[in-house]
Structure formats: structure tokens, C-alpha cells
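Note sheet for the following structure.
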Amino acid sequence: MATVLDVFLWLIFPYICLTIFVLGHIVRYRYDKFGWTSRSSQMYEDSILRWANPMFHFGILAVFVGHVMGLGIPQSWTDAVGISHEAYHFMAISVGALAGVFTIVGLIGLLYRRRFTKLVLGATTKMDKLMYLMLGIVILSGLVNTGSGAVGDYNYREGVSVWFRSIFYFNPRPELMPDAPLSFQIHALAAIALFALWPFTRLVHAFTAPLGYFFRPYVLYRSRDAHEGSRARRRGWDKVDTIPRRR
Ligand code: HEM
């Protein structure tokens with residue numbers, strides 16, 4: 001039986017946060033399109049960013065794929081195609097731990113430069129600090145989940161995952177969460193709170209990653225040569241080094 005607090009934490013709070021997530025992005029995109037940016041600090045510091053940034057981003061991408069599988073795909077489906085629970089568990093823990101360690105080491109690098117590079121610290125807002133704090137709690141508690149999965153016997157695919165999917169089916173099952181270990185509860189609550197913060201932070205850039213950059217044609221830069229084509233010369237359009245000098 002779920003108590004009133006359970007209903008708030010595992011039903012009302014998630015819907016409030018997810019509503020803020022959706023509406024917040026729409027409003028921000030509509031009214032702050034020019035502020036929709038990762039607010040890159042590359043020009044202030046490059047040497048730590050160069051390894052920490054890809055580490056964090058590749059790590060979190062792998063974590064995301066793991067979450068789509070672990071939270072999105074019901075255990076009955078993997079059972080049906082012959083993937084045993086033990087095989088799934090082994091893969092989730094080994095690949096998940098690797099992805100999690102990559103992510104946390106990258107995050108530590110990013111936080112170090114943000115704290116100890118004066119110019120980067122100067123470009124850090126209060127919202128950035130709150131966002132990094134939440135991100136840190138989510139990632140650390142996630143790693144504790146994975147670690148406890150290696151030693152404990154809680155099967156999150158029969159608890160947390162079913163609860164998570166039930167929110168999106170609009171058939172919420174808040175009674176499943178009180179039985180989950182504390183680190184799983186902290187992780188889920190912090191992640192949901194992070195979703196509510198998301199539209200008001202630099203994390204919005206996750207939805208506008210410039211993927212077109214990889215596929216667009218090269219921009220060609222050519223020096224001007226003497227050839228000027230067939231157009232007649234026009235006043236004001238002289239080549240820079242041909243403008244007659246006045247004495
Ligand atoms: C409500 C949403 C979320 C739920 C229910 C959830 C649930 C879980 C679970 C069950 C694990 C253990 C996975 C395993 O051991 O196989 C885990 C791990 C982890 N989670 Fe989450 N998670 C959520 C959102 C997030 C978000 C938003 C982030 C990052 C921003 C994140 C980062 C991590 C990390 C780094 C790990 C450890 C590495 C891994 O196993 O992938 N999680 N999460």
C-alpha cells in the first residue's frame with residue numbers, strides 16, 4: 001500500500017517535473033532562442049576540456065543507451081528472445097560500470113576546470129552550480145546502483161523500470177518504489193528533479209547538437225586571385241589592394 005508521501009514522490013512529483021520539462025523547453029525555445037546554447041567556455045580553457053568533455057559526453061551517451069534498454073525494454077521481451085536475466089545483468093553491470101566511470105571521470109575534469117580556472121569560474125552562473133550539483137548526485141547514485149547490483153539481489157527491471165514506464169503509460173504504479181533500495185530512490189528522484197531544471201540550464205544544448213556539421217559540405221576558403229570574372233568593375237567593389245590612395 002502506497003502512503004500519501006509515496007504518492008507524492010512517485011506520482012505527483014514526476015508528473016510536475018515532466019510537465020515543467022516539456023513546457024519549459026517550448027517556452028524557452030519560443031522566447032530565448034538566442035540563449036539556447038551550451039555557453040561554451042572553450043576559449044577560456046582548452047587543455048582539460050579537450051579530454052574531459054569527450055569523456056563525459058561519450059560516457060553519458062552510453063549511459064543513455066543503457067537506460068533505454070534497462071528502463072524501456074521489459075524483462076519479458078529479453079526473456080522472449082532468449083537473453084537470460086543473468087546474461088542481461090552481466091552485460092548491464094560491466095558495460096554500465098565502464099560507461100559510468102567514463103562519465104564521472106569526465107565530469108570531475110569538467111568540474112575541476114570550472115572551479116580552478118578563473119575565467120571559467122567567472123562564466124559560471126548560480127543555475128550552472130545547481131545543475132552540476134544535481135548532475136553529480138544523479139551520476140554518483142547511479143554508480144552506487146550499478147555497484148549494488150553487482151552484490152545485491154534487487155532486480156530493478158521488476159521494480160524501478162516498471163514504475164518508470166508506468167508514468168509514460170499514464171497508469172502510474174507508485175507502490176513499486178518504496179521497496180527499491182535507497183540509492184535507487186535517490187537516483188530516480190534526483191534525475192526527475194534534474195528533468196525539471198533542464199530547460200533552464202545549458203543542458204538544452206542536448207536537443208540541438210549540431211549533427212549537421214558532420215554531413216554538410218566543406219566551407220571552402222579561397223584567396224582572391226587576379227581573375228575577376230566577366231562582371232564589370234563597380235564603384236565600391238574594388239579589390240582591397242587596388243583602391244587608389246589619396247595623398
Ligand atoms: C528517472 C530516471 C532514471 C532512472 C529510473 C534511472 C535508473 C537507473 C538504474 C536502475 C541504474 C542501474 C543500472 C544497472 O546497474 O544496470 C542506473 C545507473 C546509472 N544512471 Fe540512471 N536512471 C535515471 C536517470 C538518469 C539520468 C538523467 C542520468 C544522468 C544524467 C543517469 C545516470 C546514471 C549513471 C551514470 C548510472 C551508472 C552507470 C550505468 O549503469 O549506466 N540516470 N540508473
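Coordinate-derived values only; no laboratory data. Remember, predicted model here, so these are calculated numbers, not experimental data. With ideal geometry, Cβ positions are generated from the backbone for all residues, glycine too; neighbour counts draw on all protein chains shown.
Some notes on this structure:
- Residue-count net charge about GLU45 - beta-carbon cut-off 13 Å; Lys, Arg +1, Asp, Glu -1: +4
- The range 206-214 - phi-based ³J(HN,Hα) in whole Hz, Karplus 6.51/-1.76/1.60, Gly and Pro as x: 4, 8, 10, 4, x, 5, x, 3, 6
- In the elastic network of the chain, a GNM with C-alpha springs shorter than 10 Å, the most mobile of TYR15, TYR169, TYR221 is TYR221.
- Net charge of neighbours whose Cβ lies under 11 Å from the Cβ of VAL162, counting Lys and Arg as +1 and Asp and Glu as -1: +1
- Under Karplus coefficients 6.51, -1.76 and 1.60, residue-wise ³J(HN,Hα) of the range 48-65 in Hz, glycine/proline x: 6, 3, 4, 9, 6, 5, x, 4, 4, 5, 5, x, 5, 5, 5, 4, 4, 4
- The angle between the Cα long axis of helix 13-31 and the longest principal axis of the Cα atoms of the chain comes to about 10 degrees, rounded to the nearest 10.
- Tail fraction, Cα-Cα pairs, the chain, threshold 31 Å, whole percent: 41 percent
- Taking a Cβ cut-off of under 13 Å around PHE207, the surrounding Lys, Arg, Asp and Glu residues balance to a net charge of +3, with basic ones at +1 and acidic ones at -1.
- Using bins of 5 Å that start at zero, the share of Cα-Cα pairs per bin across the range 18-156 amounts to 2, 8, 14, 17, 16, 15, 12, 8, 5, 3, 0, 0, in whole %.
- At R0 = 51 Å, FRET efficiency that the Cβ-Cβ distance of VAL22 and LEU119 yields, to 0.05: 0.90
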